[in-house]
Amino acid sequence: MPELPEVECIARKLKDGKETPSIVGQKIVKVSTRWPKHIESPSITTFRRKIRDRLIEDVGRRGKYLVLTLDEGSLLIHLRMSGDLRVAPGDEIRGRFDHSVFYLESGWQIRFSDARKFGKMILVENPAEILNKLGPEPLDPGFSLEIFSHMLKNKKRMIKPLLMDQAFLAGMGNIYTDEALHIAKIHPSRKSNELLEIQIRSLWSAIRMALQAGIHNNGASIDWVYKGGEFQNQFRAYQRTGQPCPVCETPIERTVLGQRGTHFCPNCQPEK
DNA sequence: CACGAGACCTGTTCGC
DNA sequence: TGCGAACAGGTCTCGT
């Protein structure tokens, strides 16, 4: 579930206080986990001690990381493939996949649900030491066409795996990459340095278009893990193998690139 | 540097 | 109905 738009929506939900109280301004009294590997660093013991009595001052997102700014340090949470974060009342029955739980002083809890157990949490003094390794934010106003164009020309890689490389560009995952390439009419295996200027411009705008659409639809829900999002009803290519391309009706094809299922229209997105 | 394979995990869905 | 295979939103590490 979680690529940039989903993580953005989760961050907003944790903060806005509409359905459940905002976690901003709340104090963490304790953390408990059934899956210690959720805690990447520091050690479990140190993590437990340091997280105690921390005040949550803000919630945001950078790339696919949720960033909780605390009164001392920051908590970075990466949801990976199947993670979700939500606020629940303390008396709500713990879900099957709620492997880690933060207890808040108010009695509410932050539940980290994670069926595949790939998620990770990091508690750091300075979040920049982790987040600086990420590429630019595609929705940042400073992410200009000129910058993107230079970035692409400096690499000689297949465009899809490149867009998904978090050190190159932050936040793109399998769904939004397939969607953006379809909008831009670019074959996923085209080399980044061989794209025409006009294709670069289309791609630059398509990336933002796809991500914005995702955010406006509360993200994409696909399987049993995530609920709430509606973007899955607007997929143009992703997971639409054999179904007609919304532009030209040619059946969407599936292949594998960078070990990821890849969906494209062979007519709109010619290989050469 | 670019790229593929294997790990890490578990749940659902598909094909026979 | 049962059972193994394929597939799933991500990323890291290693070998070529």
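Computed from the coordinates by the stated procedures, all read-outs in this text should not be read as laboratory data. Treat the numbers as computed from the prediction; the structure is a model and nothing was measured. Methodologically, a virtual Cβ is constructed for each residue, glycine included, from the backbone with ideal geometry; neighbour enumeration extends over all protein chains shown.
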(request) Filter the range A:60-71 down to the residues that are in contact with a Lys or Arg (Cβ under 9 Å, 6 or more places away or on another chain) and more than 16 Å from A:Lys30 (Cβ to Cβ), then identify the one that is surrounded by the most Cβ atoms within 10 Å (Cβ to Cβ). (result) A:Lys64
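Restricting to the range A:67-99, what's the tally of residues that are assigned to a loop (DSSP other than H, G, I, E, B) and within 16 Å of DNA strand C (Cβ to nearest atom)?
7
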(request) Hey, could you check the range A:1-59 for residues that are in contact with a Lys or Arg (Cβ under 7 Å, 6 or more places away or on another chain) and small (Gly, Ala, Ser) and say which is surrounded by the fewest Cβ atoms within 10 Å (Cβ to Cβ)? (result) A:Ser22
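Residue by residue, here is whether (1) in a helix (DSSP H, G or I); (2) surrounded by 22 or more Cβ atoms within 10 Å (Cβ to Cβ); (3) out of contact with any Asp or Glu (no Cβ under 8 Å at 6 or more places or on another chain); (4) not aromatic (Phe, Trp, Tyr) holds:
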| residue | (1), (2), (3), (4) |
| --- | --- |
| A:Pro136 | no, no, yes, yes |
| A:Leu139 | no, no, yes, yes |
| A:Gly142 | no, no, yes, yes |
| A:Ser149 | yes, no, no, yes |
| A:Lys156 | no, no, yes, yes |
| A:Gln166 | no, no, yes, yes |
| A:Gly171 | no, yes, no, yes |
(request) Those residues that are surrounded by fewer than 23 Cβ atoms within 10 Å (Cβ to Cβ) and within 20 Å of A:Cys268 (Cβ to Cβ), I need them from the range A:173-183; list them, please. (result) A:Asn174, A:Ile183
(message) Suppose we filter the range A:79-97 for residues that are surrounded by 15 or more Cβ atoms within 10 Å (Cβ to Cβ) and more than 12 Å from DNA strand B (Cβ to nearest atom); how many remain?
(response) 6
(message) So A:Gln239 ticks every box in (1) over 30 Å from A:Gly95 (Cα atoms); (2) over 16 Å from the mean Cα position of the chain (by Cα) but one. Which box is left unticked?
(response) (1)
